[in-house]
Amino acid sequence: MTLDDLRVFVAVCEAGNLSAVARELSCSQSAVSQHVKRLERETGLALLERRPRGVAPTGAGRLLYRAAAEGLAGLGEALRQLDDLRAGAGGTVRIATGATTVRHFMAGGVAEFRARRPRVALRFHTAGSSRRCLEAVRTHEADLAWVTIGPDVDGVEQRPSCELPWVLAARADAPLARRESVSPAELAGVRHIELPAHSTSRLHLEGHLERHGVRLDSSTSVADWDTALLLVELGLGHAILPALPGWGGGDVVRLVPIPELPPLRAGWAARQWSALSPAALEFAETVVAHLSDV
C-alpha cells in the first residue's frame, strides 16, 4: 500500500469513474485499476463495485475512502507548512527572553521582521534570567534565546552579538555623577542596588570587582536592570549596570562609564544553529542587524 495507491483510490471514489481519473493523471485505465487492485489484495476486501455508469465504493471502500481522504488532506497541509518553513514564509519562532530584553534589544528587529514575514508567528516566553532562557532552549521549549553570554552549556550553542560596557547609574546630584568615568576602587563605598542573585551579569560583575579588591555591600536588590535604574532615580542608591541600547541617562540619572571593567557580552543561543528553520535564522539576523544601528 503506497501513498499513490491511496491518492488514486480517493480520486476514483470521488470521480466514480476509472477512465476519468486516468485522463486526469495522464495514464491508462489499466494503471488506475492496478492501484485499486493492490489495495484490495492487501485488505482482502472488495473496495469498488461496478455500476452501469462507472464505479462506487463498497462498504469497506467507504471506510478506507474516509480515512484516506482525511489523512491525505492532513498530509497535504503538513507539506504546505513545511514548504512555508523552508521558504521562511510561515511557521512559528519561539523566543525565550529576560524581563527587559524585547524593549532594549529587539524592538526594531521585531517590527521589521513582522512587516517582512507577517505569516510567521512569534511566541515570546519570558524566562526571567539567562540561565532559565538557556534551559528553555535546551529542553526544546524555545528555538532561540537572547542571553548574557556565559559558560558553555551542554546541548546549547551561544553566539555573542554585542558588547555592553559597564556604567555607574547615579542621580545627577550625586558627586560621582559629575565624573567622566569612575574606577572600580571608587565603587567600594557606594550605596549599591544589586543585580538579581545568581544572574550571569551579577556573577560577571562581582568576579571582575573582586580582581580589583572591591566587594560591594547592598541593602537593595532588583529583578531586572530597568527596575535598578528606576530605584536610582528615586534616590535609593547607585547601580552598576551594562549600558543597554536605548539608555541615555537623562536629567535625573547619569550613566558614568567604568572603563576598567570588561564589557558584558550578549547574544543568541540555540540548540544547533544549522538545524534552525529559515524563519528563526532570519529573525535572529534581523535583530542583530538592528542592534548595529542603535
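Derivation of every value follows stated rules applied to the coordinates shown; laboratory data play no part. On a predicted model such as this, the values are computed, not experimentally measured, just so you know. When we count neighbours, we look across all protein chains shown, and the Cβ atoms used for this are built from the backbone with ideal geometry, even at glycine.
Okay, here's what the table says:
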item	result
Packing-based exposure ordering (other Cβ within 10 Å, fewest first) of S129, S183	S183, S129
Along principal axes, Cα extents of the range 22-172, largest first, whole Å	95, 33, 23
Listed candidates (1) 21.7; (2) 14.9; (3) 17.4 - label of the one calculated as mean projected area of the Cα convex hull in nm²	(1)
Compactness of the range 218-294 - radius of gyration and Dmax, Cα, Å	16.8, 48
Choice from V190, V21, V214 with maximal GNM fluctuation in the chain (Cα, 10 Å cutoff)	V21
For the chain, calculated [θ]222 nm from helices alone, where every DSSP H run of n ≥ 4 adds -39500 (n - 2.57)	-13000 deg cm²/dmol
Residue exposure sequence - I240, I149 - by fewest surrounding Cβ within 10 Å	I149, I240
Degrees separating the helix 278-291 axis from the principal Cα axis of the chain, which is the longest one	20 degrees
Between helix 59-87 and the chain: long-axis angle, C-alpha atoms, 0 to 90°, nearest 10	40 degrees
√(5λ) per eigenvalue of the Cα gyration tensor, the range 3-87, largest first, Å	25, 15, 11
Mean separation of Cα contacts under 8 Å, 6 or more apart, over the residue count of the chain: relative contact order %	22 percent
Degrees between helix 3-15 axis and first principal axis of the chain (Cα, 0 to 90, nearest 10)	60 degrees
Volume per residue of the C-alpha convex hull in the range 110-186, rounded to whole Å³	174 Å³
Mean separation of Cα contacts under 8 Å (6+ apart) over length of the range 101-249, as relative contact order %	26 percent
